[in-house]
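Colleague: Starting off with a structure, shown below.
Just so you know, all these numbers are worked out from the coordinates, no wet-lab data involved. All values derive from a computational prediction rather than experimental measurement. Neighbour counts are summed over all protein chains in view; Cβ atoms, including those assigned to glycine, are modelled from backbone coordinates with ideal geometry.
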């Protein structure tokens, strides 16, 4: 990377790249793996830019974490749209279609990357995501685009945020850049009518967390994530001995609490945009595999993914920091499992604490991969807003098996769906 400049600064601060420019360059290098990238500092704009020819500085090269099947396409189908929308896997690295997923994964990354510009940039993203004029357009999802953007021109995080939009008049799904959306749809327009309230229904009891003699900060954070993922539904939390059990109401209205249970707490997360449509079907296409459905028509929306990540950069920048934040002192264990499975150091079906130790040895610089037959690395990671939590009867490292984060593997019999920490679920049809 070229950092020197001959431009005078008239006694002001040196005209040289700062944290944001270095951070943005690192993000592009992380997203474009296995190729040499040349960057230089643009004196006139104060931005780093990708160039097609070598500069005086060495090119950046970030190797891929593992050989894995390529995710070719992601196809989204919405009930009100005239046809599906296809995203090319090589151009994007992640797709998020729930408010909870955007807040958990995307917002922290950009808040960190933009430093002193974070408030302004996050305001722009938030205005588009939450403030769209619903009578004319609905923002259904956010696609993260880093790949292919470093071949030329100034690097900017603006180019990494693309909005999946449903245009009301023509019933068409398109992808728009943040800048194009802001130009086309000024903020502050009427938002449109809220979604119709849901009907009545029974409380749904979920599996809970083993919390020991008292609830700690990690269990409280898990409860917060649970409530965040179930927007539009009231959640009761009961304490049965050493198990914290969530109960889901079908609407935002609490109704009667679970009978003959000790209520520990209750909460509700109201959707900011209740008119935001949910995808009817989401499918992916993978090398050597037929189309695989990850969101099926008519499925319980609380038990299907609300986001998918399919590049090394997306997993490292979005999913890994999430676990470092949520899991507290248990975070190193889950981080080893996540990266060990994603990097193909251990099998995606590995479900005990010894797996984390094997993964840790493989992640130590200079140690190399574990001996044995090569392991097929997952091609994508999905996240569920809700999970049937299962107590670890074997008394392993964690009292709760982590089923919300799931790894998709192209196996000999089709696509396999494995929880991060637990036993694989039956392979869904499609």
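Colleague: Highest first, please rank the peptides 124-131, 232-239, 254-261 by the mean number of other Cβ atoms sitting within 10 Å of their residues.
Modeller: Listed from highest to lowest mean packing, they are 232-239, 124-131, 254-261.
Colleague: Just the C-alpha atoms of the range 1-142: what Rg/Rh do they give, with Rh taken as the Kirkwood radius? If you can, show how the numbers build up before the last one.
Modeller: Working: Rg = 19.1 Å, Rh = 18.4 Å.
Using only Cα positions, Rg/Rh for the range 1-142 is 1.04.
Colleague: Taking R0 as 41 Å, what FRET efficiency do you get between residue 154 and residue 285 from their Cβ-Cβ distance, rounded to the nearest 0.05?
Modeller: Efficiency, from the Cβ-Cβ distance: 0.80.
Colleague: Counting alpha carbon pairs within less than 8 Å and at least 6 residues apart, what relative contact order, in whole percent, applies to the range 204-268?
Modeller: Reported relative contact order: 38 percent.
Colleague: Once the Cα atoms of the range 278-346 are picked out, what are the Rg and Dmax in Å?
Modeller: Here Rg and the maximum Cα pair distance are 14.7, 40 Å.
Colleague: Based solely on its DSSP helices, what 222 nm [θ] is calculated for the chain when runs of n ≥ 4 H residues each add -39,500 (n - 2.57) and the sum is averaged over all residues, nearest 500 deg cm²/dmol?
Modeller: Counting only the DSSP helices, I get -5500 deg cm²/dmol.
Colleague: Taking 10 °C and 1.306 mPa s as the conditions, I'd like the Stokes-Einstein D for the range 60-156 in µm²/s, using the Kirkwood hydrodynamic radius from alpha carbon pairs.
Modeller: Result for D is 100 µm²/s.
Colleague: Let me make sure I get this right: for the range 204-268, a, b and c are the square roots of the gyration tensor eigenvalues over alpha carbons, sorted descending. Under 1.5 in a/c it's rounded, otherwise prolate if a/b > b/c, else oblate. Which is it?
Modeller: oblate
Colleague: Between residue 77 and residue 253, take the C-beta separation as r, use R0 = 22 Å, and let me know the FRET efficiency to the nearest 0.05.
Modeller: Plugging the Cβ-Cβ distance into 1/(1 + (r/R0)^6) gives 0.10.
Colleague: Residues of the range 315-339 with amide nitrogen under 13 Å from the 7 Å Cα-to-Cβ point of residue 221?
Modeller: Counting only backbone N, you get 320-335.
Colleague: Can you give me the relative contact order of the range 32-97 as a percent, contacts being Cα pairs under 8 Å and 6 or more apart? Let's see the in-between values first.
Modeller: Numbers: 71 pairs, mean separation 16.4, N = 66.
The value is 25 percent.
Colleague: Using Cα pairs under 8 angstrom and six or more residues apart, how large is the relative contact order of the chain, in percent? Write down the numbers at each step before the final one.
Modeller: Details: 863 pairs, mean separation 66.2, N = 430.
That works out to 15 percent.
Colleague: To continue, here is another question. In nm, give the distance between the simple-model label positions of residue 88 and residue 358, each being 7 Å from the Cα along the Cα-to-Cβ direction.
Modeller: Once both label points are built, they end up 3.8 nm from each other.
Colleague: Still on this structure, I have one more. How are the C-alpha pair distances of the chain spread across 10 Å bins, as whole percents from the shortest bin up?
Modeller: 4, 20, 29, 27, 15, 5, 1, 0
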